[in-house]
Amino acid sequence: IMVQGGIQGDELAGIIAAQILTRSLVKKGNLIIIPRANLPSIHAFKRQINVDLNRRFDRDYNQYYEDYLARAIKYLVSKSDGLIHLHEGSGFYSPAYIDNLRNPRHYGQSIIIDTRNFENKISLADLAINALRKINQSIKPARYSFQLFNMNTFTRDTLYPEQRKSLTYYTLNQFKIPAIAVEVSKNIRNLPWKVNCHCLLVK
């Protein structure tokens, strides 16, 4: 299994959680962990330096340093049987519009999948729902509970076509292995709490 944080440098929770997970005791199989996928953007505490690294997986670019990183990440994920991508998004995802902070255009506090059932072989929805059932029992306050966020990236009328350039879409489409993203919210200020959520969801 491959776990990656830090593809965007202003998302600290995933970076710290992935670093903690490097100390995991692996009882079976192999664990590939990339805590700081985009070190220059982390040092600058910016989402990107030249281009968004998580939008460079749709083809083989060769223009910026991010493109060489994308190539290395592609190689590592090719050696995996599944990907968990750690992120920190703005606001709170809600399938229906509630207010400016909770709506379908925010990613925070969600498990993101590209499709419910990939090629009738990989049930990403079942994986996510099982994780949600476990994690949400311990989430306090309840308004910070995680939601399932299906972007339907493979459909022609998806609301999120830019996700076809992302690492999770690339992994699922190219290697036919499970790939999900876990997003905690930037609007939650308690960083240790968010790091703990990432670690629990990976577990």
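Only one of (1) in contact with a strand residue (DSSP E or B) (Cβ under 8 Å, 6 or more places away or on another chain); (2) within 28 Å of A72 (Cα to Cα) fails for I122. Which number is that?
(1)
Report those strands (runs of 3 or more DSSP E) wholly inside the stretch 99-203 carrying at least 2 residues which are touching a residue at least 24 places away in the same chain (Cβ under 8 Å), open to solvent by less than 10 Å² (accessible area, probe 1.4 Å) and not β-branched (V, I, T).
Result: 179-185.
Do you know which residues across the stretch 1-23 are closer than 22 Å to Y75 by Cβ and of a type in the set (G, A, S)?
Result: G5, G6, G9, G14, A18.
The values are calculated or read from the model by the stated rules, or taken from the named source; none is laboratory data. Bear in mind that the values here come from a model prediction, so they are computed numbers and not experimental data. Don't worry about glycine lacking a Cβ; one is built from the backbone with ideal geometry, like all the others, and counts go over all protein chains shown. Accessible surface areas use protein heavy atoms only, side chains included; no ligands, DNA or RNA. Shrake-Rupley method; radii C 1.70, N 1.55, O 1.52, S 1.80 Å.
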